[in-house]
Amino acid sequence: AFCLYYYVSNKILFLYPQNFKNFMIKSVIKGYGYYVPENVVTNDDLSKLMTTNDEWITERTGIKERRHRKNRNDSEETTAVFAKRASEKALEKAGLTAKDIDFIVFATLSPDYYFPGSGVLLQDLLGCDTIGALDVRNQCSGFVYAMSVADAFIKSGTYKNILVVGAEIHSFGLDFSDEGRGVSVIFGDGAGAVILSATEDENEEGILAINLHSEGKYAEELAVKFGGTKYGWSDRLLTEPEAVTKDMLYPLMNGNFVFKHAVTRFPESLMEALNKAGKKPEDLDMFIPHQANLRISQFVQQKMGLPDDKVYNNIQKYGNTTAASIPIALCEALDEGKVKKGDLVCLTAFGSGFTWGSVLFKY
Ligand code: COA
């Protein structure tokens with residue numbers, strides 16, 4: 001029996017050596033960078049536009065300020081431009097140039113155009129070769145989904161260096177009147193990027209576990225309804241503008257409902273990732289949750305029994321930047337030395353869709 005096993009396994013190895021090699025390929029973060037616009041908008045600034053106050057916003061969300069592009073309708077400062085700035089920093093950190101990038105995965109819910117997506121614009125702005133550029137539409141979970149796509153391409157041996165970006169400009173599309181105050185105080189602008197690269201090192205470094213989830217029956221609990229095939233298109237806006245209501249045009253969020261689902265899904269997804277990798281919560285060096293709401297992150301931290309220094313939050317400064325929030329937080333945690341080489345880190349997100357998921361990796 002042993003001889004037969006030996007013969008068969010050697011035969012397979014001889015016929016398909018590439019398959020065995022690919023089992024050893026892992027994705028590691030080779031570079032990272034972020035960009036946020038200079039224009040700081042404090043809670044007091046917002047209280048000049050709508051009936052709100054610093055106390056309400058701080059108490060319910062933890063947010064003190066966020067960044068908005070200077071001019072809300074500036075056609076030069078677009079999502080792809082923000083992404084370019086973050087990507088250039090990530091390339092520099094990785095010691096690579098745009099020509100070294102094999103593929104782009106771009107997560108955003110606020111693209112420059114309805115179509116095409118912003119990935120192709122980034123390919124052009126960076127001066128990459130005519131590489132593929134894929135847009136991911138998973139809102140707050142966008143970056144986690146984008147990382148999973150990049151990881152799969154790397155593990156399959158298809159690409160070596162993938163630029164993964166999350167970028168958002170919310171400030172152009174929020175309702176800053178009293179009607180929109182439950183949503184508009186939360187969201188901010190920014191971009192973050194990582195270069196995910198292939199490695200065959202045999203140490204544990206790299207992505208260890210990923211999970212992705214969705215529950216589409218809750219799509220309208222957090223959505224922008226207009227601009228699609230269900231509620232209407234530009235044609236409707238031109239021919240029957242009175243039928244196009246504010247609640248179709250601006251983001252609509254059932255805040256309480258989202259909160260309740262988020263505090264369940266975050267720990268579930270984090271535990272799923274840890275279990276898959278054979279790790280325990282106490283093995284975790286840093287948990288970087290999507291910056292949805294400081295109260296959500298604190299709730300999850302408590303539920304998981306994690307100490308303060310193992311949960312990274314920067315929502316106080318930037319608000320919720322959806323797909324950009326995890327990469328911005330990751331970049332800051334790395335720059336501040338709070339994530340170090342060899343650390344076990346989990347990125348977990350929850351958002352519109354509903355969608356949620358995690359990426360667990362050893363840095
Ligand atoms: N300033 C002052 N008052 C505000 C306000 C604002 N910016 N926004 C809403 N209010 C008022 C409401 O009008 C309401 O007044 P009423 O009681 O007179 O009707 C009151 O505050 C409570 O509103 P409610 O929506 O019930 O508040 P909440 O405690 O649920 O907090 C959120 C609202 C949005 C902060 C909270 O639900 C939340 O954080 N949800 C999760 C959102 C999230 O994380 N989204 C991103 C997911 S990725």
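Laboratory data are not the source of any read-out in this text; all were calculated from the coordinates shown. Owing to the predicted nature of the structure, the values given are computational and were not obtained by experimental measurement. Virtual Cβ from ideal backbone geometry, glycine too; neighbours counted across all protein chains shown.
Take every pair of alpha-carbon atoms less than 8 Å apart whose residues are at least six positions apart; their mean separation over the length of the chain yields a relative contact order of 24 percent. By the beta-carbon count within 10 Å of each Cβ, the least crowded to most crowded order of Met24, Met248, fewest first, is Met24, Met248. Estimated translational diffusion coefficient (Stokes-Einstein, Kirkwood radius over Cα pairs, 10 °C, 1.306 mPa s) of segment 276-363: 121 µm² per second. Packing here is the average count of other Cβ atoms within 10 Å per residue, and on that basis the peptides 303-309, 34-40, highest first, run 34-40, 303-309.
Take every pair of alpha-carbon atoms less than 8 Å apart whose residues are at least six positions apart; their mean separation over the length of segment 260-363 yields a relative contact order of 36 percent.
Each residue in Phe361, Phe153, Phe299 was given a count of other beta-carbon atoms within 10 angstrom of its own, and listing them fewest first yields Phe299, Phe153, Phe361. Straight Cα distances below 21 angstrom link Lys276 to the lysines Lys26, Lys155, Lys303, Lys310, Lys362, with same-chain residues fewer than 8 positions distant left out. The protection proxy used here, the mean number of other Cβ atoms lying within 10 Å of each residue, ranks peptides 124-136, 44-56, 286-298 as follows, highest first: 286-298, 124-136, 44-56.
With the convex hull constructed from alpha-carbon coordinates only, segment 111-265 shows a mean projected area of 12.1 nm² over all directions.
Among Ser177, Ser352, the order by Cβ neighbours within 10 angstrom, fewest to most, reads Ser177, Ser352. With the convex hull drawn around the C-alpha atoms of segment 54-103, the volume per residue stands at 141 Å³.
Principal axis extents of the C-alpha atoms in segment 73-127 (largest first, rounded to whole Å): 34, 20, 17.
Pop out the Kirkwood hydrodynamic radius of the chain from its pairwise C-alpha distances, inverse of mean 1/r, in Å to one decimal. Over the chain, the inverse of the mean reciprocal pair distance is 21.2 Å.
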